[in-house]
Amino acid sequence: MSYALVNLLMSIINIYLLILIIWVIASWLRAFGVIDPRNPTIRQILSVLDALVEPVIGPIRRVIPIIGGLDLSPLVVIFGLYFILDVLRSFQATGSIL
């Protein structure tokens with residue numbers, strides 16, 4: 001695998017991690033009434049974030065139920081993406097995944 005491809009994958013994963021963290025913070029702000037989802041601009045931003053995050057979070061949410069009002073599926077995705085980043089960094093440093 002080319003090092004340029006590894007760098008591209010790492011950049012995409014880092015951008016997705018940022019999007020995921022923004023989605024989590026936006027869901028907290030929406031839940032506590034800090035932002036108004038009736039605002040058209042906010043609604044559009046939230047729908048774009050939902051469209052980017054829900055395809056990944058949805059299947060995990062079906063496996064891991066919400067515990068005590070806490071949705072742990074974003075945490076599982078974040079840990080999984082950091083594991084993939086670690087494997088890619090290992091490959092980039094040594095040239096081997098193992």
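FYI, it's all coordinate maths here, none of it is from the lab. Worth saying up front: this structure is predicted, and the values here are computed from it rather than measured. Cβ coordinates were reconstructed from backbone atoms using ideal geometry, including for glycine residues, and neighbour counts include every protein chain displayed.
Quick notes on this structure:
- A DSSP coil position with no more than 16 other Cβ atoms inside 10 Å describes the following trypsin sites (Lys or Arg not before Pro) in segment 19-55: 38.
- The chain - percent relative contact order, Cα under 8 Å, separation 6 or more: 28 percent
- Backbone HN-Hα couplings from phi across segment 7-24 [Karplus 6.51/-1.76/1.60, Hz, Gly and Pro as x]: 5, 5, 4, 5, 5, 5, 5, 5, 5, 5, 4, 5, 4, 5, 5, 4, 5, 5
- Helix-derived mean residue ellipticity, 222 nm - over the chain, DSSP H n ≥ 4, -39500 (n - 2.57), to 500: -27000 deg cm²/dmol
- The trypsin sites (Lys or Arg not before Pro) of segment 54-98 include none that meets both conditions, a loop assignment by DSSP and at most 14 other Cβ atoms within 10 Å of the site Cβ.
- For chymotrypsin sites (Phe, Trp or Tyr not before Pro), the sites in segment 1-70 that DSSP calls loop and that have at most 15 other Cβ atoms within 10 Å are 32.
- Evaluating kT/(6 pi eta Rh) at 4 °C and 1.567 mPa s, with the Kirkwood radius of segment 3-94 over Cα pairs in the Stokes-Einstein relation, gives 88 µm² s⁻¹.
- Rounded to the nearest 20 debye, dipole of the chain from Cβ charges on Lys, Arg, Asp, Glu: 100 debye
- Note, ³J(HN,Hα) from phi for segment 37-43, Karplus 6.51, -1.76, 1.60, rounded to Hz, x at Gly and Pro: x, 7, 5, x, 5, 4, 4
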